[in-house]
Structures are given as structure tokens and as C-alpha cells.
Amino acid sequence: MARIAVPFGRSFRVGRSKAAGMTSLVNLYGEPVEGEGRTDFVCYGTPSRALFSSIGGGNVRGQITASDVHYAVVGTSLYKVNADGTNINLGTIEGSLPVDMSHNGSQVDIVGEIKSYYFDVPTATLYEHSGAGYEQAVSCTSLASYTIIACKDTGRFRWRLVNDFAWAALNFATAEAESDNLVAVRAVSNDVALLGARSVEWWGPTGEAGANAFAKTATAAANIGCVARDTALVVDSGLTWVGRDGLAGGVSVYRADGYAPRKISPPEVDNYLEQVADLSTLRAFAYQQRGHLFYVLTLPNEWTLAWDISTNLWSYRKSGSWAMGSDPLGGWDAFSFAINGQKQCVGGSDGNIYQLLADTWTDGGQGMVREATSVQLHTGGRLTFMSRLELDIEPGIGLVTGQGSNPVVMASWSDDGGKTWSNPREASMGTMGQHRMRAVWHGCGAYRQRIIKFRVSDPVKTVLLGAWADVQAGAH
């Protein structure tokens, strides 16, 4: 009888064929551990959402923190969200699609699909952008006391100084690398990234005023376009976005280290992206907790994938529950992000604002399912018998009363490449204080190849340290 490790969490391998493997994490993230004998890799539960501000009346279309004040566009209104969760309606923002927002120090700019606006913080007044020099925008950012917009259906971008509410007719320039329309503009360090449909190029402030305020940098443009404005974020000082290779045509997630884009998504993530009918609907936000910075990418109502910049690992995020033998599709009900004091806030599809909490085990008042899928176990095609399966967890974390007072972890396995799954079997995680409990399953049958899923759905702390199996391989 041999004892083998059952690895999980160290890669994202949900490929075009489940027969080739489907290792992944759902609502968990991995962290290497050095110098410990028990494990060298541990999986922790991701943060849950707790209701912070009840607004409702439509989707949360965008959020921003400006001068330590939290603003959110929900439905057709702009709100100021106070530290206690109360909110104030500041005016009307037409449209229903996500908005782009930026802050130049005095004004919050808001670009919607119908009109664009600015909220003047000193006078607490919302205005619509207008004037002879203004063109309807598709994106906005701010740099060096300028508000910068990308003009709709063109390669032009325009700028105006803070507190100069008129748009001078000559204060514009055109992206030079390709004759493609701009999708997004983003301030990155001391430069402006112009993200077009087929390319990205960099401009910077010249120190001059008026029409010569910006000039193209000496950095060569890259043939990587942007397919969705709302995926373009500056994450840990690096521009990150979903782009299409302007020469080869593939869709991937890219990150600019300095000025050169590099592909950060594995083929398994690209496979998801290449199946999206309308790439412009993709959305992303970034947040940091417990030393991990995440880029969270969502196709609304379809799926959510998160990239952990510290480990370079991808994982699923998912609200609600799903059958244990099914893929975790449907996505995480979290859109846009802003800071309110020390609170990390995301928007929900119900129009409310939620706080991300690392030590809360329910998501929006409901249980949060956490699942780890192992690599495919294989012994050269020989029939193998598994007499015992053990999951090393942090035990004794049961609640005092109610669901979670006697928490369980479930195991299910597939011996046909993920096509069918066994009925889930439960093992105890230990009631409060049972710190020597082990999650064990006996008599786990025979296989020639096996994929194992572990799932915790009780509202308790979840820490997975590893899994092992006692197996004996036959001759054939």
C-alpha cells in the first residue's frame, strides 16, 4: 500500500477537454508556505460580501474614491456614500451601462454611454459636459492636473485643465500608431496609455500649456489592442487589460511591465475569453487583502476569474451554490470597487454596496461555497484501489450554534475525465475546539484515472493544507 499526495490549487487547468485535467479553486486562493513540514502550500477562503449601503434602483455602474469621499453611480443616479453606509443622491446620470470615472483633484468625471458629466466637489454640483470643443467620450482619466477623455468612434483624445470647464477646440491629439478607435485612456505613472482596438501607445505631458500639453513618448507602440474598456486597470502600478493581439488575433489578459505588454493569462483562461460573444461587456476590478493583490475579471452572469498577482495563479469566484459535478459558472456578484475609509466596497447587481470582509463566512447573507479540484490521479492506466482518502484541514472551527456548529467537508470523484461524478460523501471538520479532527473517507473504490473535488459549504473558516490517499495499483 502506497501513500500518495493529491495535489490541488497550484494551477488552473480547466482546458478544452476535461479528460486532460480540471484542477482549480473556487472561492479559495493558494499561498506557498516555506520551512514547514506539514505543508508547503495552503489554500484560504476568499473574502465574502457584507451589506454596507442599501441603495437599489439599478445596477452599480461604477465607483470611485475622490479626496477620501466614496462616490457611486447606481441606476441613473450619482450617490455620495458616507462612512456609515448612508447615502446622498447627487443628481442624474443617464444610461444603464457601466460608466468610466476619474478624479482630477477637484472634479469627478463620469463617462456614460449617452452623456458625460462632471461633479464639481467644491460646489457639490453635478454638470453635463458640453461646449464647442467637447466631443462625447468613451473613457476618461486624469494626469498632471488635466482631465483627459477618449473621443467616441475616433482615435482622438482631448484634455482640459482642472477648474477650466471649457474644452478648448485645439486641445486634442490623435493616436498615431494605428488608425483604430480608442477604447480607453489610463494614467500610468507619469504617462497616458492610449488603448485602441488594435494597439496601445504612450503619451506624456510636455510641461507646455494648451494644444502642446501632451506629446507621444519615444516608446514604441505595441500591437496589442483593448477589447473592453472596463477591464483596463492600473494594478500595482502596472496597466492590466483584456486585449487582442493586433497581428496574431488571439484574446488574452495582458500586463504592461513598464511599457511592454506581456501575456499573463494561461491558455485555459484564453479559452474562456475566446468564447465570449461580446467582449466589450467584460468588467474587472482589483483589490488587496492579506498580502494578496487580485485582478478580478467577470463576464456578467457567466463567470468570474481572479488572478493573484503574488502567486501568478488563477481561480474561480462564484456567488450562490451549484451542483458538485458542475462547473462553477454564473459569476461572483461583485462589480466595480472603491475604498470608503478603511472599507473595501464592491457593487452588487441589486444596486447595493457591499463590504469585502476576510473573516466573514457568508456572502451577502448566504453561504459561500468553497471548492478545490485535484489534479488527475493516474498510474499508467493500471487499475488502482483507493482504500483511504484524507484531507488535511484546520479543524475545530465550528460555530457555537446553527449551521456550521458541526461543519462538514464533502468529497466527490470522477473516474471518467470529469463526465460523471460520485455522490458527495461527508466527513466532519470538527466542532468548536476539536483541533485534532481529521477529514477521512474509507473504501473509495477503484479507478484508472481519478479527479477529486473537496467542498465546504458551511459558513466557517476554511483552510486546506493538503490531501493524501492510500492506494494500491494492480498489474493491469
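The values are calculated or read from the model by the stated rules, or taken from the named source; none is laboratory data. Source: prediction; values computed, not measured. We place every Cβ from the backbone using ideal geometry, glycine too, and count neighbours over all the protein chains shown. Accessible surface areas use protein heavy atoms only, side chains included; no ligands, DNA or RNA. Shrake-Rupley method; radii C 1.70, N 1.55, O 1.52, S 1.80 Å.
Annotations for the structure displayed:
- Of the residues making up segment 228-240, those that are within 12 Å of Leu273 (Cα to Cα) and assigned to a strand (DSSP E or B) number 0.
- Looking only at segment 341-376, residues that are of a type in the set (A, V, I, L, M), open to solvent by 10 Å² or more (accessible area, probe 1.4 Å) and more than 26 Å from Gly62 (Cα to Cα) come to 1 in all.
- Condition check for Gly15: over 20 Å from Gly291 (Cβ atoms), modelled with pLDDT under 95 and open to solvent by 10 Å² or more (accessible area, probe 1.4 Å): yes
- Residue in segment 407-419 that is in contact with a Leu (Cβ under 7 Å, 6 or more places away or on another chain), at pLDDT 95 or above, of a type in the set (Gly, Ala, Ser) and closer than 19 Å to Ala5 by Cβ present: yes
- Val188 being in contact with a Leu (Cβ under 6 Å, 6 or more places away or on another chain) and either among the hydrophobic types (A, V, I, L, M, F, W, C) or open to solvent by 20 Å² or more (accessible area, probe 1.4 Å) (or both): yes
- The set of residues in segment 242-258 being surrounded by 18 or more Cβ atoms within 10 Å (Cβ to Cβ) and of a type outside the set (A, V, I, L, M, F, W, C) consists of Gly243, Arg244, Gly246, Ser252, Tyr254, Arg255.
- Every condition in (1) acidic (Asp, Glu); (2) closer than 20 Å to Arg317 by Cα; (3) in a strand (DSSP E or B) holds for Asp458 except the one numbered (3).
- In segment 151-190, residue farthest from the chain's Cα centre (by Cα) [restricted to those that are under 17 Å from Gly225 (Cβ atoms) and of a type in the set (Asp, Glu)]: Glu176
- Hits in segment 86-124 (condition: aliphatic (A, V, I, L, M), touching a residue at least 12 places away in the same chain (Cβ under 8 Å) and open to solvent by 20 Å² or more (accessible area, probe 1.4 Å)): Leu90, Leu97, Met101, Ile114, Val121, Ala124
- All positions within segment 41-74 that are in a strand (DSSP E or B), small (Gly, Ala, Ser) and either modelled with pLDDT under 95 or under 21 Å from the mean Cα position of the chain (by Cα) (or both): Gly45, Ser48, Ala50, Gly62, Ala72
- For segment 378-391, the criterion of a residue being open to solvent by 10 Å² or more (accessible area, probe 1.4 Å), closer than 21 Å to Ser48 by Cβ and modelled with pLDDT of 90 or more is satisfied by no position.
- Where a residue in segment 128-141 is farther than 19 Å from Thr174 by Cβ and open to solvent by less than 50 Å² (accessible area, probe 1.4 Å) and its partner, wherever it lies, is at pLDDT 95 or above and not acidic (Asp, Glu), with Cβ under 7 Å and at least six apart: His129/Ser116; His129/Tyr117; His129/Tyr118
- Close contacts from segment 252-270, counting a first residue that is in a loop (DSSP other than H, G, I, E, B) and a second that is modelled with pLDDT of 95 or more, with Cβ to Cβ under 7 Å and a gap of 6+ residues or different chains, come to Tyr259/Trp202; Ile264/Val253; Ile264/Tyr254; Ile264/Arg255; Ile264/Trp307; Ser265/Ser252; Ser265/Val253; Pro266/Trp314.
- Reported count of residues in segment 154-189, each being of a type in the set (Ser, Thr, Tyr), at negative phi and assigned to a loop (DSSP other than H, G, I, E, B), is 2.
- Subset of segment 417-456 [among the basic types (Lys, Arg), open to solvent by 70 Å² or more (accessible area, probe 1.4 Å) and touching a residue at least 24 places away in the same chain (Cβ under 8 Å)]: Lys419, Arg436, Arg438, Arg448
- Complete set of residues in segment 289-304 that are open to solvent by less than 30 Å² (accessible area, probe 1.4 Å) and either part of a loop (DSSP other than H, G, I, E, B) or free of Cβ contacts under 8 Å to residues at least 60 places away in the same chain (or both): Leu293, Val296, Thr298, Leu299, Trp303, Thr304
- Picking from residues in segment 218-227 that are in a loop (DSSP other than H, G, I, E, B) and either modelled with pLDDT of 95 or more or within 14 Å of Gly196 (Cβ to Cβ) (or both), the one that is most open to solvent (accessible area, probe 1.4 Å) is Asn223.
- If you go through segment 93-105 and keep only what is assigned to a loop (DSSP other than H, G, I, E, B), at pLDDT 95 or above and either among the small types (Gly, Ala, Ser) or in contact with a Leu (Cβ under 6 Å, 6 or more places away or on another chain) (or both), you end up with Ile93, Gly95, Ser96.
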